[in-house]
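Each reported figure results from applying straightforward, stated rules to the coordinates on display, with no laboratory input. Nothing here was measured: the structure is a model prediction, and the numbers come from that model. Please note: Cβ atoms are built from the backbone with ideal geometry, for glycine as well, and neighbour counts cover all protein chains shown.
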Amino acid sequence: MNIPIISIFIPTYNDQTDLSACLESIRHLDYPKEKIEIVIWDNASQDDTVRMVQDRFNEMKNEGWLNLSLIEWKRNEGSYIPYNMAVPYLSPSTQYILGLDADVELAPNVLSKTVDVAQDEGVAVVGARSVYFDTPELTSHGAGFVSGWTARYRGKDARERVECDYVIGCCWLLKRTVFEELGYFDPDYYINHWEVDYCLRVKEEGFQIIYEPRAVAKHKIPRKGTLTSERIYYLYRNKLLLIRKLPRFFKVPWTFFLCFGLSLGKILFVLVWSERWRGIKGALGGLWDGLLNRSGENVN
């Protein structure tokens, strides 16, 4: 049986404690270590993340891993742009990339379960079931679906393997050949919606996105999310960018304006009602910049 070579890729910034726990969970994967390389991309952390990784890798060097690599970058490139930059650093033999957030801990079967699905020729992305770390019986992200009429997202807490429109990037397996053929992740988003963009582009090329709930990743995120004014800005702006960019929405030409109107209504009836004034400013700014097709990092 051919066992594929995997690159586990983790971008990190000031994640010393969480990343240490993540690496420990990787050590317990039920997948041959000689088929795994671990690549950590450090975004110029200001804490002791780099030293921790060096110490961890020193402990792990005689455990039989294919490769252990730490890339010390000089600036913070964010959570997903490092994927695009890291491809030359990966093993030439790598067939799949297991992308992880630094604040996840993996069940031992995550890699074996996702690889089993990914070896189907038509599959390009496999997403794990993300659960809340403190309440692991609750799913934080499952199978994602996108309406072609309104671009509204809908999640499904599926208990069986299912084909979907997108999966979340805190723990997902990417087929390397497809990733390179599609030209990597779109940098215009900066944060938010980039995973959806990639998955929908993959589907446009005829490949499948599969959600595998038997592979579980415990994610250290709060139940109510982290909706800062900045994040709200990108949520609203980037949804409009997504509609502009993807061919699936061209079939329904009013999707952009329908999404704009529904978003404006949500701002008025949800954010205003809850008196989240900073969120209102961010949301309106995001809608305006989305209308003007502005992209990348918001420097205002």
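Before moving on, here are some points about what is shown:
- Violating pairs (Cα-Cα greater than 21 angstrom) within the set 33/175; 203/224; 35/113; 113/175; 33/156; 218/245: 203/224; 33/156; 218/245
- Shape category assigned to region 1-140 from the gyration tensor of Cα positions, a/c cut at 1.5: rounded
- Under the simplified labelling scheme, the residue 223-residue 156 pair shows an inter-label distance of 2.6 nm, with each label point 7 Å from Cα along Cα→Cβ.
- A Cβ-based charge dipole, computed about the Cα centre of the chain with Lys and Arg at +1 and Asp and Glu at -1, lands at about 1200 debye.
- In region 109-259, a dipole from Cβ-located charges (positive for Lys and Arg, negative for Asp and Glu) runs towards its positive end, and of 206, 127, 182 it is 127 whose Cα lies farthest in that direction.
- Packing-based ranking, highest mean first, of 239-249, 190-200 given that Cβ atoms within 10 Å are counted: 190-200, 239-249
- Distance from the alpha carbon centroid of region 60-102 to that of region 135-212 works out to 21 angstrom.
- For region 109-188, convex hull of alpha carbons as volume per residue, Å³: 133 Å³
- Label sites at residue 27 and residue 298, each approximated as a point 7 angstrom past Cα along Cα to Cβ, lie 4.2 nm apart.
- Trypsin sites (Lys or Arg not before Pro) restricted to DSSP loop in region 197-229 with at most 10 other C-beta within 10 Å: 223, 224
- Residue among 9, 241, 43 farthest towards the positive dipole end of the chain, charges placed on Cβ: 241
- A DSSP coil position with no more than 11 other Cβ atoms inside 10 Å describes the following trypsin sites (Lys or Arg not before Pro) in region 48-145: 61, 74, 75.
- Low-density loop cleavage sites - GluC sites (Glu not before Pro) in region 75-148, where at most 10 other Cβ are within 10 Å (DSSP): 121, 137
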